[in-house]
Amino acid sequence: MAGPAVPKPGVLMLGIVHHAKAEFEKLSDVADVQQVTSGTREEFIRDCDSGKYDKVVAISRTYDSVQITGRFDAELIAHLPSSVKFISHNGAGYDQIDVQPCTDKNISVSNTPKAVDAATANTAIFLMLGALRRAWIPQQALREGKWRGASPLGRDPHHLTLGLLGMGGIGTATAQRAAALGFRLQYHNRKPVADLEMKFAPGQVPNYVGFEELLKTSDVISVHLPLGPATQGLIGTKEFSQMKDGVIIVNTARGAIIDEEALADSLESGKVWSVGLDVYAKEPEINPKLMKHPGAVLLPHIGTATIDTQKEMEVLVIDNVKSAVTQGKLLTQVSEQKPVVAKV
C-alpha cells in the first residue's frame, strides 16, 4: 500500500516567461509553481508576511519583475519566508539583489552568465563602431534630407588601442570580436585572467595593465564590470582627466559605473570625442546633455534583446530552479557566495 504523496517543493516565479514556455511548464513536474505577474512591493511584502509563500523553496525572478517587488534589498529579504533557500535571477548583472542579506539568511543566489556574453559583446562592438564614426550625425542628416550633412571623418580600429575594463565572459567576448577588427588590446581586471592566451590567436592576446595605465593609454575604453560598491561611480571627473584627449567611451555594463554628469561634461568639452551607451545611471532617464549631443550613439538597454539570448537566459534560470529543488544547489551561483547544497 502506497504511503501519502510527498508534497512538491514550492517555486515562486516573479514576472513573465516569454520564450521558454515549454521548459517552464515542465517545472511543475518537480515543483508546486506559483506565478506573480503584477502587483506592488507593498502587496508582495504583505503576502510574504501572511504566510502565502511559506512553502516556497526557490524564487525565480525576471529583470522586469523589479516593477512588481522593487529591489531585493535587505528590507524585502527580511520578509521572505524562512523556507526560501534559493533566488534565481534572470540576468548576468544582479545589482537588483543585495547578496549579503541573502547570504546572512542562508539564501543562495544565481544569475545567467555566459548566456548573455555573445549578444552583449555584439552590442558593444555595434556601439564601438558607431562611436568611431560618430554615426548619429550622418544618420540624422540623412533623415532630414541632407545626405551626409556635416558628417566628420571617423577613426579606424586597426590604428587604435582598446582598453577593456573587466575581462569576464562579456569582456572576453568583446575582446575576441575587437581583435578581428585590428585593435591593439589591453585590459584591467581585479587580477590577470588565467589561460587568456587560449582564447585568442597569437599576437592578439590582450595585455594586462593597471587601472590608471588603461585610462591614460587607451583610445577607446569599453566597460564590462559588474555594478557594486567597488564600481559605483568608478569613472568620474578625475578619471576622465587622466584619459587621452578625444577618447571614446563605450558602456554596455551598468550606467552607474560612470558618473553620467561628468561623462556628459567631458563630451561637451571635447575631452571625450564620442560615446556608445546602452546603459544609464537612472534608467529610463537619460542625461539631456547626452540626448542632444551629436557625438552620442545611444541605445535603450537592449544588449541582450534578441530572441535567441532571451530564451537561453530563461532556460538557464529554469534549470537553476530545477537543480535547486531536486539537487539542493544552483548551477550558476554568484561569485560572492560559496556554493551551498541545501536540503529541500
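The values are calculated or read from the model by the stated rules, or taken from the named source; none is laboratory data. Computed from a predicted structure; not experimentally measured. Every residue, glycine among them, receives a Cβ derived from its backbone with ideal geometry; neighbour counts consider all protein chains shown. Just so you know, the surface numbers come from the protein's heavy atoms only, side chains and all, with ligands and any DNA or RNA stripped out. Shrake-Rupley method; radii C 1.70, N 1.55, O 1.52, S 1.80 Å.
To put it simply, the accessible area of the chain at a 1.4 Å probe is 54 percent carbon and sulfur. The magnitude of the dipole of the stretch 116-298, with charges of +1 and -1 set on the Cβ of Lys/Arg and Asp/Glu and taken from the Cα centre, is near 420 debye.
In the chain, taking the dipole from charged Cβ atoms about the Cα centre, the farthest positive-side position among TYR208, GLN232, SER82 is held by TYR208. From its DSSP helices (H runs of at least four residues, each -39,500 (n - 2.57)), the chain gives a residue-normalised ellipticity at 222 nm of -9500 deg cm²/dmol. Solvent exposure of the stretch 74-146, expressed per residue, is 42 Å² of accessible area, with all protein chains present and a 1.4 angstrom probe. Scalar couplings 3J(HN,Hα) for the stretch 326-334, obtained by applying the Karplus form with A = 6.51, B = -1.76, C = 1.60 to θ = phi - 60°, are 9, 10, x, 8, 9, 7, 10, 5, 5 Hz; x denotes Gly and Pro. The slack in the chain from HIS19 to THR40, taken as 0.36 nm per residue of separation less the alpha-carbon distance, amounts to 5.1 nm.
Within a straight-line Cα-Cα reach of under 23 Å, LYS85 can be paired with the following lysines, leaving aside sequence neighbours fewer than 8 residues apart in one chain: LYS8, LYS26, LYS52, LYS55, LYS105, LYS322, LYS329, LYS338, LYS343.
Which number do you get for Rg(Cα) / (2.2 N^0.38 Å) in the stretch 116-298?
Working: Rg = 15.7 Å, N = 183, 2.2 N^0.38 = 15.9 Å.
In units of the 2.2 N^0.38 Å rule of thumb, it is 0.99.
For VAL66 and LYS52, the difference between the fully extended length at 0.36 nm per residue and the C-alpha to C-alpha distance is 3.1 nm. The order of TYR53, TYR208 by accessible area, most exposed first and with a 1.4 Å probe, is TYR208, TYR53.
Starting from 0.36 nm per residue, how many nanometres of slack lie between GLN100 and LEU129 once their C-alpha separation is accounted for? Present the calculation step by step, with values, prior to reporting the outcome.
On the way: separation 29, 0.36 × 29 = 10.44 nm, distance 3.84 nm.
Taking 0.36 nm per residue and subtracting the Cα distance, the gain is 6.6 nm.
Taking a straight line from the alpha carbon of LYS238, these lysines sit under 20 Å away, with near neighbours fewer than eight places off in the same chain left out: LYS216, LYS271, LYS289.
What is the dipole size for the chain, taken about its Cα centre, with +1 at each Lys and Arg Cβ and -1 at each Asp and Glu Cβ, in debye to the nearest 20? Kindly include the intermediate steps, with their values, before the conclusion.
Details: 36 positive and 38 negative charges, 120 e Å.
The dipole magnitude comes to about 580 debye.
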